[in-house]
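Peer 1: This is the structure I have questions about; it appears just below.
The values are calculated or read from the model by the stated rules, or taken from the named source; none is laboratory data. Keep in mind that this is a model prediction, so the values were computed, not measured. For neighbour counting, all protein chains shown are included, and Cβ atoms are generated from backbone atoms with ideal geometry for every residue, glycine included. SASA here: full protein model, heavy atoms, side chains in, ligands and nucleic acids out. Shrake-Rupley method; radii C 1.70, N 1.55, O 1.52, S 1.80 Å.
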Amino acid sequence: VQLQASGGGLVQDGGSLRLSCAASGYTSGYGMGWFRQAPGEEREFVAHISWTGSRIGYADSVKGRFTISRDGHANTVYLQMNGLKPEDTAIYYCAAGSDDGRRYHYWGQGTQVTVSS
């Protein structure tokens, strides 16, 4: 499985971005997630979506602002980010793994999101 994240960029406080993660290879049954890592910080969970999309989870810090979704036909997962804050600045990574989100086996290369104040 290979994952290609894209859609990052520079945006002002309160702005929006949509990240995409295109998956290639055999991904049937995999849950997908987004993580982020800010400079000097540990990587943290952002959002997860199950294979069917029936189960979705978010970190408290992004609830109500970020929305994860997936397009099965395109084998792509999205992260719509609204109301961005400077503290959302980080490299965002997509990952694929267990349907319940407990383990991730494959990681993308990351895309930089910078929110200016």
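Peer 1: Only one of (1) over 23 Å from Gly9 (Cβ atoms); (2) modelled with pLDDT of 95 or more; (3) of a type in the set (Phe, Trp, Tyr) is not met by Tyr26, so which one is it?
Peer 2: (2)
Peer 1: Also: Consider the stretch 71-117. How many of its residues are open to solvent by less than 50 Å² (accessible area, probe 1.4 Å), farther than 22 Å from Leu10 by Cβ and either of a type in the set (S, T, N, Q) or part of a strand (DSSP E or B) (or both)?
Peer 2: Total satisfying the criteria: 8.
Peer 1: Determine the pairs where a residue that is farther than 16 Å from Gln2 by Cα and free of Cβ contacts under 8 Å to residues at least 12 places away in the same chain, located within the stretch 72-94, has a partner that is open to solvent by 40 Å² or more (accessible area, probe 1.4 Å) and of a type in the set (A, V, I, L, M, F, W, C) with Cβ atoms under 7 Å apart, the partner being 6 or more residues away or on another chain.
Peer 2: none
Peer 1: Moving on. Consider the stretch 45-63. How many of its residues are within 21 Å of Asn75 (Cβ to Cβ), part of a loop (DSSP other than H, G, I, E, B) and among the small types (Gly, Ala, Ser)?
Peer 2: The first filter runs over the stretch 45-63 and keeps only residues within 21 Å of Asn75 (Cβ to Cβ), leaving 46-57.
Narrowing further to those that are part of a loop (DSSP other than H, G, I, E, B): 50-55.
Cutting the leftovers down to among the small types (Gly, Ala, Ser) gives us 50, 53-54.
Going through the stretch 45-63 one residue at a time, the tally reaches 3.
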